[in-house]
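The values are calculated or read from the model by the stated rules, or taken from the named source; none is laboratory data. Please read these numbers as outputs of a predicted model, since none were measured by experiment. Reconstructed Cβ throughout: ideal geometry from the backbone, glycine too, with neighbour counts over all protein chains shown.
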Amino acid sequence: MLKAFYHLLARDLRLAFRSRHELANPLIFFVLVVTLFPLAVSPSAEVLRVMAPGVIWVSALLSVLLSLDRLFKQDYEDGSLDQLMLSPNPLVILVLAKVCAHWLLTGLPLVLVAPLLAMFMYVPDEAIGVLMLSLLLGTPVLSLVGAIGVSLTVAVNRGGVLLSLIILPLYIPILIFGANAVDVASDGMSVRGQMLFLGAVLALALSLAPLATAVALRITASR
Amino acid sequence: MPESESTNTTLLETRQLECVRDDRLLFRDLSINLSEGEILQVEGANGSGKTSLLRILCGLRLAEAGQVLWQGEDVSDVREDYYASMIYIGHLPCIKGDLTTLENIRSLLDTRSQSAPIEEIDAALTKVGLSGFDDVPSKALSSGQRRRILLAFLLLSKTRLWILDEPLTALDVQGVALVESMLMEHREAGGSAIFTTHHGMQLPCEMSSVTLGVQC
């Protein structure tokens with residue numbers, strides 16, 4: 001069972017590294033959106049410092065949202081998804097492997113590049129660690145919850161709008177607590193509450209979202 | 001006295017299957033009995049529900065009514081067991097263009113938690129006419145060659161039940177002969193198969209058939 005998890009994870013990572021341009025898309029989107037704000041709004045440190053947590057979090061969220069399509073689309077179109085569902089291994093484990101691969105390829109790079117953008121947006125040094133931690137806890141939730149939406153819409157042609165409508169309301173709590181944590185940390189206050197909330201949501205999503213995704217995939221396949 | 005044939009146990013059985021697609025009744029009260037070593041051809045015109053039937057047999061699609069039984073038990077209760085002993089090859093390729101032939105076969109086997117030593121994979125590739133292509137990215141192969149990768153996967157999976165949807169698609173004359181000989185060997189080894197095809201397939205053995213689309 002663990003082997004099946006590991007093999008599928010390795011396959012998805014290998015596939016992603018074979019088509020690198022797709023791999024860079026979410027990251028480039030993230031960096032571009034954040035860098036456009038100082039140009040469009042104001043380059044002054046006071047304005048940017050206030051906006052930074054929200055701008056960085058919103059960009060990260062949209063970047064993940066745009067990359068979600070990749071999660072099951074290709075496997076659905078070439079029939080590999082049928083083979084996954086006919087595997088003697090529990091589908092939940094395989095779903096978890098695919099979501100892990102998705103996070104490693106989109107969420108993790110965002111976490112790693114965020115400090116650079118934070119400095120660029122005049123986020124105080126003491127809040128940069130909090131920003132990274134909040135993204136580290138938050139982006140896996142975005143991938144996990146997003147997987148539920150993708151599995152429901154993968155059979156729909158141009159299901160992008162539908163996907164956003166299903167998923168965005170579920171992303172909002174993560175966005176609020178994530179951005180708020182960075183905001184509060186910039187003012188030098190404790191962010192324990194926000195971090196505990198993000199951690200709790202991650203634990204919840206990790207245990208329930210793969211189950212929901214697996215069921216949704218079976219429903220999609222049965223049409 | 002019972003013949004030796006009739007002592008064969010039933011592998012897969014359906015009871016009163018009914019399938020409706022887009023408000024159209026495709027079939028009703030369909031009961032199939034597939035025993036060990038039996039090869040069953042599903043016949044019917046385009047749109048008569050052949051693929052739907054095969055997907056129902058795999059448990060991918062839900063039937064409106066009826067049951068699919070694997071060795072006497074409902075497949076949804078013995079899913080793990082059933083999936084370990086059957087293999088389904090649909091008309092979609094299941095092949096990743098960015099992976100090589102060898103990697104594709106390995107990843108298909110990994111999904112089933114199976115593995116095969118390299119010599120065995122080589123032998124299977126030689127048998128399906130792909131020797132020398134193991135390091136070639138699959139996007140560089142023709143569609144017939146991609147189907148042949150699936151045939152190699154079929155050989156390596158060593159399952160008792162094959163469910164094949166249009167296995168002859170994109171294959172040349174030698175490919176058709178290859179599938180026929182594979183089915184014969186599979187049957188001799190005691191395996192069973194269900195398949196659909198629009199091409200004539202001549203197997204020098206007894207073959208049962210079920211025809212869909214006849215008004216009932």
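Can you spot a residue in the stretch B:135-154 that is in a loop (DSSP other than H, G, I, E, B), surrounded by fewer than 20 Cβ atoms within 10 Å (Cβ to Cβ) and in contact with a strand residue (DSSP E or B) (Cβ under 9 Å, 6 or more places away or on another chain)? Checked against the condition, which is being in a loop (DSSP other than H, G, I, E, B), surrounded by fewer than 20 Cβ atoms within 10 Å (Cβ to Cβ) and in contact with a strand residue (DSSP E or B) (Cβ under 9 Å, 6 or more places away or on another chain), the stretch B:135-154 yields at least one hit. Within the stretch A:1-60, the residues that satisfy the criterion of being among the hydroxyl-bearing types (Ser, Thr, Tyr), part of a helix (DSSP H, G or I) and more than 10 Å from every other protein chain (Cβ to nearest Cβ) are A:Thr35, A:Ser59. In the stretch B:52-90, the qualifying residues are those that are in contact (Cβ under 8 Å) with a residue 60 or more places away in the chain and within 14 Å of B:Leu17 (Cα to Cα), and the one that is farthest from the other protein chains (Cβ to nearest Cβ) is B:Leu53.
Reported count of residues in the stretch A:135-176, each being buried (at least 20 other Cβ atoms within 10 Å of the Cβ) and under 12 Å from the mean Cα position of the chain (by Cα), is 15.
Out of curiosity, is B:Ser107 on the phi > 0 side of the Ramachandran plot, facing chain A (nearest Cβ under 8 Å), more than 15 Å from the chain's Cα centre (by Cα) and not basic (Lys, Arg)? No: the conditions fail for B:Ser107. Output the number of residues of the stretch B:110-126 satisfying the condition of being more than 14 Å from chain A (Cβ to nearest Cβ), surrounded by fewer than 17 Cβ atoms within 10 Å (Cβ to Cβ) and either under 20 Å from the mean Cα position of the chain (by Cα) or part of a loop (DSSP other than H, G, I, E, B) (or both). Residues flagged as more than 14 Å from chain A (Cβ to nearest Cβ), surrounded by fewer than 17 Cβ atoms within 10 Å (Cβ to Cβ) and either under 20 Å from the mean Cα position of the chain (by Cα) or part of a loop (DSSP other than H, G, I, E, B) (or both) within the stretch B:110-126 amount to 1.
Return a yes/no flag: does the stretch B:164-183 have any residue that is assigned to a strand (DSSP E or B), under 14 Å from the mean Cα position of the chain (by Cα) and at pLDDT 90 or above.
yes
Quick grid of which residues meet (1) at pLDDT 90 or above; (2) under 13 Å from B:Leu154 (Cα atoms):
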| site | (1), (2) |
| --- | --- |
| B:Asp98 | yes, no |
| B:Arg106 | yes, yes |
| B:Leu109 | yes, yes |
| B:Ser113 | no, no |
| B:Ala124 | yes, yes |
| B:Gly129 | yes, no |
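Checking each residue in the stretch A:13-61 for being of a type in the set (S, T, N, Q) and more than 30 Å from B:Leu99 (Cβ to Cβ) picks out A:Thr35, A:Ser42, A:Ser44, A:Ser59. Picking from residues in the stretch B:35-51 that are in contact with a helix residue (DSSP H, G or I) (Cβ under 9 Å, 6 or more places away or on another chain) and hydrophobic (A, V, I, L, M, F, W, C), the one that is nearest to the other protein chains (Cβ to nearest Cβ) is B:Val42.
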